[in-house]
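Single-structure report; data block below.
The values are calculated or read from the model by the stated rules, or taken from the named source; none is laboratory data. The shown structure was predicted, so the numbers you read here are calculated from the model rather than taken from an experiment. Cβ coordinates were reconstructed from backbone atoms using ideal geometry, including for glycine residues, and neighbour counts include every protein chain displayed.
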Amino acid sequence: MRSLITRATLVAALAASLAACGPQGAKVTADDMSMGDANAKVTVVEYASVACPHCATWNEEVFPIFKAKYIDTGKVKYVAREALTGEPTLANAGAMLARCAGKDKYFQVTDAIYKAQRTIFTTGDMRGELLTIAQAAGMSEDQFTACLSDENAAKSAERIEANMKADKIQGTPTFIVNGKKVGDEAGSEVTMEQLDAAIAEASK
């Protein structure tokens, strides 16, 4: 099957997620993708979507500063958690592709999708852009197609929706520092200054 996830499949998966097993919430699990010292005193969870323009801007302009200041220095364990905001088909397909690439390439693929986001929205060629990113990460076209199958799409959507529901995520990017949300509940823009303050408080 060469097509990406259909909207009908995604909608059905979202509905099915309401009956999914109990939510995991902001507690970090083996399924989460993370960077930094696993024993850091502060854990920052970011809910983001590769289909969210605000998330792409944060990834481009703020994340490099955040990473250098907190992740690379071992002060923070950073956890990336996917959300189905923005265009839901791209959000879910991007999340699946990054995970199929493997933990060692997850952040490379996510970053590449953020950078390709505007092109995808402009041209509408989601499959072509994602395939190029997949191949750059070492995946074959067959592996890419298998990764984005309808069956995998349904499972991915269920997992993501369960996490979003558990943490009451309404928009992206949303940041949770040691279990406490930063900013308002709607996922509005969070500044580096707000994160600095939240991390300082959690570090006490």
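General remarks:
- Condition met for E87 (within 20 Å of A48 (Cβ to Cβ), of a type in the set (D, E) and in contact (Cβ under 8 Å) with a residue 60 or more places away in the chain): no
- Which listed residue is modelled with pLDDT of 95 or more and within 20 Å of V177 (Cα to Cα), from A68, A26: A68
- Subset of the stretch 43-76 (residues that are touching a residue at least 40 places away in the same chain (Cβ under 8 Å), under 22 Å from I113 (Cα atoms) and either touching a Pro at 6+ places or on another chain (Cβ under 6 Å) or part of a helix (DSSP H, G or I) (or both)): E46, A48, P53, H54, C55, A56, W58, N59, E60, I65, F66
- Considering residues of the stretch 151-195 that are in contact (Cβ under 8 Å) with a residue 60 or more places away in the chain and acidic (D, E) only, the residue surrounded by the fewest Cβ atoms within 10 Å (Cβ to Cβ): E189
- So Q108, is it under 23 Å from T29 (Cβ atoms), surrounded by fewer than 19 Cβ atoms within 10 Å (Cβ to Cβ) and not charged (D, E, K, R): yes
- Selection status of A8, loosely packed, with under 12 Cβ neighbours inside 10 Å, at negative phi and modelled with pLDDT under 55: yes
Table: residues versus (1) over 17 Å from T85 (Cα atoms); (2) out of contact with any helix residue (DSSP H, G or I) (no Cβ under 9 Å at 6 or more places or on another chain); (3) assigned to a helix (DSSP H, G or I); (4) among the hydrophobic types (A, V, I, L, M, F, W, C).
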{"site": "K103", "(1), (2), (3), (4)": "yes, yes, no, no"}
{"site": "T110", "(1), (2), (3), (4)": "no, no, yes, no"}
{"site": "R118", "(1), (2), (3), (4)": "no, no, yes, no"}
{"site": "F121", "(1), (2), (3), (4)": "no, no, yes, yes"}
{"site": "I133", "(1), (2), (3), (4)": "yes, no, yes, yes"}
{"site": "G138", "(1), (2), (3), (4)": "yes, yes, no, no"}
{"site": "Q143", "(1), (2), (3), (4)": "yes, no, yes, no"}
{"site": "A153", "(1), (2), (3), (4)": "no, no, yes, yes"}
{"site": "I169", "(1), (2), (3), (4)": "no, no, no, yes"}
